[in-house]
Structures are given as C-alpha cells and as structure tokens.
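Following: one structure in structure tokens, then a few remarks.
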Amino acid sequence: MTRKILRLYPALRDDIGDLVTRRPLPGPALPRLGAFLFLNHHGPQLYPPHSHGLPFGPHPHRGFETVTFILDGELAHRDSGGHESIIGPGGVQWMTAGSGLIHEEVSPEDFKRRGGAMEILQLWVNLPARLKMTTPRYTGLQAEGFPVVRESGAAVQVIAGEYHGQTGPITSLTGVFMTTVRLTAGGSVRFDWLTGRDVFLYVVRGAIAIGGVTAAKFHLVTLSDGEAVEIAAEEDSLILFGHAEPLNEPVVAHGPFVMNTEAEIHQAIADYRAGKFG
Ligand code: MN
C-alpha cells in the first residue's frame, strides 16, 4: 500500500520581531506528530545591511534534539558543550540537547554587516525517556558533507539514514531518517520502508501531489499508513521529508524543555537556575 494524504496543516504566521516565521507544528489541530514536536520556518527574507540578524541569543534546552536546516544565508552556533560553527546554504546542524546545554543561534557579524537572503528551518525531535538525560552532542555540516541522490527530477539530500545506497553523515540516536528533497516540476520521488513509521513531510517551496492530492508550500501533511509514498512535483519544489519510530510516552513541554513529567520540568528549571547547563 502506498500512503495517501490524510490532512493538510497550514503553517501559521508567527513573526519574531523582524524575522518572518511560519509554524506548521504544533498547530491547533496537531499538537505533535510522534517524535516530531515543532517546526519553525524562518524566511525566506532579505536582511538589509547593518541588521541585528537572527534573534536567538543564549538560551537552554533539555530533553530533545534540534535539527536546523540552513536553506539560505548563514547561521552561527555556539554552545556550552564547546561546539562552534558557522553553517551556510545547504548545511544542517543536529544538536542533541539531552541533559542540557545553553546555545546561541545568531547571524555571523559579516552577514549582519552586509545583509543578505535568509531562510532557515528548525525541527525539534523528541527523545525517549531513556535518552532525555544523554550527554549533549552537536554535529554541524556544510552542504558538501551530505550525499545527494539524483534521479527522476529529484535530488535527495541524505542527512540521516540510508537512501538508495547513500548513507547520511548524521547518526540519529533514535534511528530518525531525514532528508531534504529538491524536485523539478514533473519530477518525482518514492520512499519505501515506511511501515509503522511516523512520517514527517513539510512543503517548503512549490507544490507536490500524493495520490492526486496537492500540498502547496507552507503545509505539513499527515499520511495514511503504508509501506511507501510516491511524491510528484507539480512545480519546482523543496520538501523536508523524514520518519521516526513512534514514541508513545507522555510529553510535558515548557518553553525550551521537553520532558515526560511536570517534576522533570521543575528539575530542569532548577538545574538551569543553578548553572548546571554549563
Ligand atoms: Mn535553541
């Protein structure tokens, strides 16, 4: 059985100051999609010269992972685990907050000075109870660090997991599969091995169709169960496509902390205030 579209979820506009932001997840009709908790779509927009750039100064996280896709512009990351990088277009950073760290996600100084195009996606992936307090990890890779599989008018950037013999450089602690896919109008892509997986599919640009049902940009889709999905591009398109093992645990989220219980949230706040996040 190939999967069909069950429902479309439009991203809701929620700008952060001058940063154009759309959020398809969580939404009023979809609190989360299995392990996939949250997606912010920043931009596309043009920063003028001498801007303040991205507004994400130092802040903590615990209990999940942030996966950030730099589509355009640059992102400077620094965290209390000692990781530092500036990632450009096509790059991805995968940060396991685990037991907790403090990071900043800002624009590099020269980008702020000269301005430029900016578009970034940030996805939050939950961790199961057994991994919530795992040691923090960070991998930041530029575009050339990822294999791209090209066929049938599709270019699949393999980030985590395996696709047509190519393995992504990120090894997810929970076996998350993650790609971005660029399609030319009339192109198509098929993903298999989906039985029992929670599939995440967001249309960043353009419009795609699955089983004759169209999903346009700025929409997240949910799919019926099935072994495979066939995605056809109605326009030149860019999609975020991943899947994960179902996660059936209670979720208690409070700002930058995502835990299983209220008590664990109180502990996270107390630990952060006590300076235990580094
Ligand atoms: Mn953050």
Tell me, which strands (runs of 3 or more DSSP E) wholly within segment 198-264 include 1 or more residues that are of a type in the set (Asp, Glu)? 198-205, 229-233
Which condition number does Thr66 fail, the rest of (1) in contact with a Leu (Cβ under 6 Å, 6 or more places away or on another chain); (2) within 13 Å of the ligand (Cβ to nearest atom) being met? (1)
Verdict on Thr174 being at pLDDT 95 or above and either in a strand (DSSP E or B) or surrounded by fewer than 15 Cβ atoms within 10 Å (Cβ to Cβ) (or both): no
Just a yes or no: is a residue in segment 107-116 in contact (Cβ under 8 Å) with a residue 24 or more places away in the chain and either within 19 Å of the chain's Cα centre (by Cα) or in the same structural domain as Thr180 (by TED's automatic domain parsing) (or both)? yes
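The values are calculated or read from the model by the stated rules, or taken from the named source; none is laboratory data. What you are looking at is a predicted structure, and each value in this text was computed from that prediction instead of being measured. Positions of Cβ are backbone-derived with ideal geometry, glycine not excepted, and every protein chain shown enters the neighbour counts.
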